[in-house]
1. On full extension of the chain, what length is gained from A:Val110 through A:Asp89, given 0.36 nm per residue of separation minus the C-alpha to C-alpha distance?
2. Long-range amide H contacts for A:Leu231: which residues qualify at under 5 Å (H placed 1.01 Å from N, peptide plane, sequence gap of 5 or more or a different chain)?
3. How many Cβ atoms of partner chains, on average, are near each residue of A:337-346 if near means within 10 Å of its Cβ?
4. Kindly put B:Asp312, A:Asp35, B:Asp520 in sequence by how many other C-beta atoms sit within 10 Å of each C-beta, fewest to most.
5. Take peptide B:447-458, look around each residue's Cβ out to 10 angstrom, count Cβ atoms belonging to other protein chains, and average those counts.
6. Beta carbons within 10 angstrom, averaged per residue: use that to sort the peptides A:151-162, A:341-352, highest first.
7. Give, in nm to one decimal, the length gained when the segment between A:Lys248 and A:Lys679 is fully stretched (0.36 nm per residue of separation minus the Cα-Cα distance).
8. For segment A:202-351, build the convex hull from the C-alpha positions and give me its volume per residue in Å³.
Protein chains: 2
Amino acid sequence: MASVSDISVSAAINLLSALAFLLAFAFLRLQPINDRVYFPKWYLKGIRASPRSSGPFMKKFVNLDIRMYLKFWTWMPAALRMPQPELIDHAGLDSAVYIRIYLLGLKIFVPIAILGFAVLVPVNWTGKTLEHIHNLTFSNIDKLSISNVPSGSERLWAHLLMAYTFSFWTCYILYKEFKIVSTLRLHFLASEGRRPDQFTVLVRNVPPDPDESVSEHVEHFFCVNHPDHYLSHQVVYNANKLAKLVEKKKSYQNWHTYYQTKYERNPKKKPTTKTGFWGLWGKTVDAIDYYTAEIEKLSEEEATERERVMSDPKAIIPAAFVSFKSRWGAAVCAQTQQSSNPTIWLTEWAPEPRDVHWANLAIPYVGLTIRRLLVAVVLFFLTFFFMIPIAFVQSMANIEGIEKVLPFLKPLIEAKTVKSVIQGFLPGIALKIFLILLPTILVTMSKIEGFTSLSSLDRRSAAKYHLFLLVNVFFGSIITGAAFEQLQSFLKQAPTEIPKTAGVAIPMKATFFITYIMVDGWAGIAAEILRLVPLVMFHLKNTFLVKTEQDREDAMDPGSINFSTSEPRIQLYFLLGLVYSVVTPILLPFIIIFFAFAYVVFRHQIINVYDQKYESGAKFWPDVHRRIIVALVISQLLLMGLLSTKKAANSTPLLIVLPVLTIWFHLFCKGRFESAFVKFPLQDAMVKDTLERATEPNLNLKAYLHDAYIHPVFKCVQLDKPKAVDDEENNPLVATKRNSRRDSKTGSDGIPETSV
Amino acid sequence: MASVSDISVSAAINLLSALAFLLAFAFLRLQPINDRVYFPKWYLKGIRASPRSSGPFMKKFVNLDIRMYLKFWTWMPAALRMPQPELIDHAGLDSAVYIRIYLLGLKIFVPIAILGFAVLVPVNWTGKTLEHIHNLTFSNIDKLSISNVPSGSERLWAHLLMAYTFSFWTCYILYKEFKIVSTLRLHFLASEGRRPDQFTVLVRNVPPDPDESVSEHVEHFFCVNHPDHYLSHQVVYNANKLAKLVEKKKSYQNWHTYYQTKYERNPKKKPTTKTGFWGLWGKTVDAIDYYTAEIEKLSEEEATERERVMSDPKAIIPAAFVSFKSRWGAAVCAQTQQSSNPTIWLTEWAPEPRDVHWANLAIPYVGLTIRRLLVAVVLFFLTFFFMIPIAFVQSMANIEGIEKVLPFLKPLIEAKTVKSVIQGFLPGIALKIFLILLPTILVTMSKIEGFTSLSSLDRRSAAKYHLFLLVNVFFGSIITGAAFEQLQSFLKQAPTEIPKTAGVAIPMKATFFITYIMVDGWAGIAAEILRLVPLVMFHLKNTFLVKTEQDREDAMDPGSINFSTSEPRIQLYFLLGLVYSVVTPILLPFIIIFFAFAYVVFRHQIINVYDQKYESGAKFWPDVHRRIIVALVISQLLLMGLLSTKKAANSTPLLIVLPVLTIWFHLFCKGRFESAFVKFPLQDAMVKDTLERATEPNLNLKAYLHDAYIHPVFKCVQLDKPKAVDDEENNPLVATKRNSRRDSKTGSDGIPETSV
């Protein structure tokens, strides 16, 4: 076991590396050439323009003002200065609430740490068990933990009391935070401007009709069943293939520009490329000609495909975005069941247009349930048995194996130093690659499950990643051994033995987790602010692709909060903090530093860097809340196991009350707040409708919604064309629209027509 | 272990006692004097009149027609003759679907039994394990069970295959049945006539308002938020005390009539009573005078209380029945969230007026969640630890204890024969009393949980009773010992050990369960049709209380299907059948006889006897479905445990697939069908609305709904008064009603006013 001095050394190293990252950041962010890497948000907002436009040449790239370097730490107070309402306005509610998770960590753990140091540390320190045992090695840290308290001691009542106090404090803060966030969300929804998704409902599983097209069927159904509220609808085209073509064309255009630039800079040598995979194999051709021809070919293909999608009735999938005359009408339709068969005419709130995951709109109900079953089974095996294929790959991936597959590398590998490096490096590489790929795998699994919005994909992936981290990082570290071995031993143990086995191991792992917090937490957050990958990528793009200001705009990669991976990681710190709060309170300061540091860094990032892909209005909060409750219950069960091995058996009935109360508290909060994140109350809808009717009596809503929900590949075209305004709006035809049957033809300008 | 001949004797005894009950029933039902006991349904329908009106005196009481006695079995085909649509019309959907549960048992188990006898019985019979072991006693029944197959035998594949076949067959039948029942329900809802609950929504947790009364607040809220659909509302009075007074008065009136009749028959002796508890203690007084005075006193009290409820604003509870102009409007309001605070303005479909449980309408949200927690904790202790207080009472209730409390009984008890009877009888009596009281206790617990309709109370009580039976009858019989001992041993066992422990015990308990089926099932059902208690009660009442035809009508006790106790009992048979289908198929014929016999008996009862207290439209079916799924999963897990002890370990992975698929199947069915039992689709509402508007364009809906949801104690008064028709209906005032504020005064005729 590590002693306090070991921990201090580790802390110093990690603090230094974090500091190095921060200094590098402080230096790099002041260079005007990096401005678009460290302040892209302001460019996107249009507040900041390219700094190259004026001043001496040198100044455009390097900052020579010494005074600014002395104030390198100013970004921290600057990040904290923006008040929350302004922050919500600037970065959106999702981001503002996301950083509140870190703040929540501080709110929970600072008082707990103070109380823990005031009560538990003295109680543990004077326990004097470990001093009497001379055989065991023990460190000063263990003297501060519950291990130092003798078994069956009266002192354990202090831990029991603190377990109650900490649980109640955590629940109190969670309740308050849930209340604040739901108020923020409701206020955000109430105060935001008119948005297409407020009036629109996504209808899925439109049943096939032999006599009518999907468009007609949708129109008639809603005209009949929502006669006073139905406004219009937008059918959904299966444009997945078209989207792929557009993407491919864009990539080819990038390469074309790259070679063009290369040729212009060095006109003597015509650039060449190879036709094979990634330009590595195949025939050598003139690069510019090759890409020009390819782009032309793709443009043709794209036009044909676009034509096909528009004209083929089979390209229309049985889903539609149905818009209503008022928010009230949309709220009613989204929350009610339409047909007596609950697997057809499924309605839900339409996601924001940019939040829609178009590829998943067409999955039928039975397919959906089968997909969920399969993904659940795969997730189970992925979580518990992922080590088996990796161990298999590791056993394959030895030097002999590489020499067989890639014989030309043989002379290089056989060199002695290289060989030893590879032999030391290889076993870990399969696991490392798997861990890097894991979030992508989980997102893919969530996509297969059939969710229709990017935000729900993110939330579901986060749930999966949380399970993985819980099983493999937390329990995997406490009870050494691969997850499937744990699973096997858990199946063979009595349910009351499991908390005991895990609970006993908890105090011994404190030093390991302290190191983990410093490496993964502190250094990881410092690396986040440095943005090394986007920095390199931007300068590469800037050198080879950028010609116009628009290109430079496109080259910026502001990135965004990656909710699906970063939120489960935060949850790990909540779990560690709650588990160790009673057992080894000395761990808490490390967690507090993590939360404080991460809060400042992410606040800076969302102000200056990130550009969210969608805005879900903090819809993820119930998940955050639930996972902290899970952490709390785990900590209570483990403490129960630990205390029962400490011969404090009469504490078990007292401790079993805690998880019951915690779970009840969760159900209470769920009932009290969760619907604010799922449903849209009619009262609020009515207030907004009434207000809008009063302020904008002549609003042409149909024109406003006309092309809100068009697949993005159709929108590109639309940018070049005059906007089609539906001039039927003030027509006498509209009055009789309920009975009128109109053929759903495709508009000749390439924009799918919105049915009236 | 019992042999086949033991079972035969037991079967014969039970068959004979069942036959005796049936013969008694066949004899008694033909006596005209019992007509109102065995055919009350027809009297309530008004189809049958009292048979006493004509014919010779004797014939009025005793049936002398010999030919009819020879046809004593005709009630069976008669019971089966009525087709289902007519049955639904005659007895309601609840009853018609209830007997389909027995039919479902037949559909599941007849093919399983045939297959089991064709495949498993020969396989087991030729297994020849038990013949080789001469130490053990074994019976012929065990030769037919899986015990006769040697461990690790290839024959076990037959059992595995059958487990798959039986599970898939059960799921297939369950799916079909769920589909049929949901179609029946939708058809029933679509075809039934206009009912107040179709237009009405129950609103609970109306927030307090300092400026307005509850009535005004409700009116303004719904006028604003459902402007085109709101019609009227009915506030709810807290009339619980008044209802108690009315009941007490009715009981006193009964006693008054009883003494009056007694006096008239024997005018020489004036009847007397004692003023104390149940007329056992206290001063002796003239009975008729005493009750006349008491009734007068109660009438006065009742009038005062009625006055107070009407005039005191505090007697109005924060709940209301809100009616809408169309079914569409009500469906929208019932399915949507009204306010951003999801704990106020809670809306749900109003139950039928006779289904409302008035006492629970006023419970606030926080109270509700605390009540649920408490009831859940109590239920846990009741299920697992009920034996502890009973054992305590048993240890108290010995002869010495009785002699101490009731010393005057001493000489009687000390008599030798009496003493031995009491000593043998006493230990069981506490348990017996508890088991008789249990359903009442569970209903009370459900009432405390705060459900607002009698049907939901019944469903929740059934869920609790099912848990109790599962733990204490099924697992309690398999693993001998009290439930809390089982719980303790389960907590100390590995999760994989539990199915093994239980699974091994399964084949050994087959004979016990066969006896149980015959005693509880066969004889119990035969006792049901005899209706001994209502028979005695009717004749007692008829002798002492009945004076007019109306009194005789009131003296009838048709009873009803007691869903909360009888449905969990059926589930026990499903569980036994599914568990033993693979292990000991010889048990299946006994279950099939139970289902067939119960089907005929209950079909007869719902046609001729029962009068349901409410009609929920088969809303209980998802519960029935879920519990059969639970039974299926339990049977699969137990088989897995059993086979793993049979050294067929390689079958475990194959068997673990079954519960996963079964649970998935359940989720699939839930998504596919359950909403038909919870929500009312807008399309169906619109169809009914449109139809009604076309057929009855001049319907005065407000008058129709005027007093639909008045507390029953106010309705009694109303019967004597002319019906108040709201003549404001065709008034110009109505057009401006949204803005008009009217004070909610109490109508002078004692009927609470319906707000416009």
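Read-outs: derived from the displayed coordinates by stated rules, not from any lab. The structure displayed is predicted, hence computed values, not measured ones. Backbone-built Cβ (ideal geometry, glycine too); neighbour counts: all protein chains shown.
1. 4.7 nm
2. Counting only residues 5 or more places away or on other chains, the set is A:Ser323, A:Phe324, A:Lys325.
3. Counting other chains' Cβ atoms within 10 Å and averaging over A:337-346 gives 6.
4. By the 10 Å Cβ count, ascending: B:Asp312, B:Asp520, A:Asp35.
5. If you average over the peptide's residues, the count of other-chain Cβ atoms is 0.
6. Result, highest mean first: A:341-352, A:151-162.
7. Values: separation 431, 0.36 × 431 = 155.16 nm, distance 3.92 nm.
Contour length minus the Cα-Cα distance gives 151.2 nm.
8. 161
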